[in-house]
Amino acid sequence: MCSRPMPRERPLTTRHPVLARSWQCAQRHNNATIRSCLELAKNPSRKELIVLKGKFIVAPAILVGLMAVSSWGAGALVDPAVLLTKADAEAVLGTPVKDPEATANPMGQKIVHYSPAAQGTKVRYVQISVNQTAAMPERMRKNGMSAPKLFEDSARLLSGVQMLTGFGDKAFWGGSGLKAGAGLHVLKGDVYFSVDVALGSEQADRQAAEKLAKLALSRM
């Protein structure tokens, strides 16, 4: 979660303000419940967002443990790279893209990022973030957290969201650009995912995000 970087830097790793600020809160207060910390996640600022690569160091053992989990919850874990493929990103960006960059955080969130093979002067990318109840740590789930709860908290805490119909069970548009929570957010059953696209204008970003969200839903 961070603002868009200079062109030669890697763009967003995760921009989910509720997850990031709740995790920070839990660590500062000796692992206080995530549910309580969610109430402190209002009005996120760019300086407070987490960058998993560089500024925020996650113990390798934690990430390995999270990525190895396969039996939490009733359903199979969703792979973001299956919901949106390299070919999908190339079709939207209109150019060859690098191999997907995949990351995960201690909250169970998984992110896959696609960027052009030849990056120009403008930042262009496609990114999908997936939160799933089954992938969340047991501590979070025992405290009442779930993908639907996280979706509702995000819609309530983020500013300027526009609720939408026609995408999964529920959806909202969080805007585009540098704001936290930008992109199209979709809830479908146990899975809450967001699609963020950078093409240069909010209209183009939204149209592309809607197209990709429908593709992702068709593969769930």
How far is it, in nm, from the label point at Lys211 to the one at Leu178 when both lie 7 Å from their Cα along the line to the Cβ? 2.8 nm
Cα→Cβ-extended label distance, 7 Å offset, between Val82 and Lys122, nm: 3.4 nm
List, in the order given, every pair from Lys98/Lys122; Lys188/Lys211; Lys110/Lys188; Lys98/Lys188; Lys98/Lys170; Lys122/Lys188 whose Cα-Cα distance in the structure shown is over 26 Å. Lys98/Lys188; Lys98/Lys170; Lys122/Lys188
Along the stretch 130-135, what does the Karplus equation 6.51 cos²θ - 1.76 cosθ + 1.60 (θ = phi - 60°) give for ³J(HN,Hα), rounded to whole Hz, x for Gly and Pro? 10, 10, 9, 3, 5, 9
Tell me the trypsin sites (Lys or Arg not before Pro) within the stretch 73-129 that lie in a loop according to DSSP and have at most 12 other beta-carbon atoms within 10 Å. Lys122
From phi via Karplus (6.51, -1.76, 1.60), per-residue ³J(HN,Hα) for the stretch 87-96 in Hz, x at Gly/Pro: 4, 4, 5, 5, 5, 6, 7, x, 7, x
Leu199's amide H: which non-local residues (gap 5+, or another chain) put their own amide H closer than 5 Å, with H modeled 1.01 Å from N in plane and none for Pro or chain starts? Asp205
Just grab the label-to-label distance for Ala91 and Ser201, each label 7 Å out from Cα along the Cβ direction, in nm (one decimal). 2.3 nm
If I take every Cα pair under 8 Å that is 6 or more residues apart in the stretch 86-220, average their sequence separation and divide by the length, what percent do I get for the relative contact order? 19 percent
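A short reminder: the numbers here are calculations on the coordinates, not readings from a lab. All of these numbers come straight from a predicted model, not from anything done at the bench. Reconstructed Cβ throughout: ideal geometry from the backbone, glycine too, with neighbour counts over all protein chains shown.
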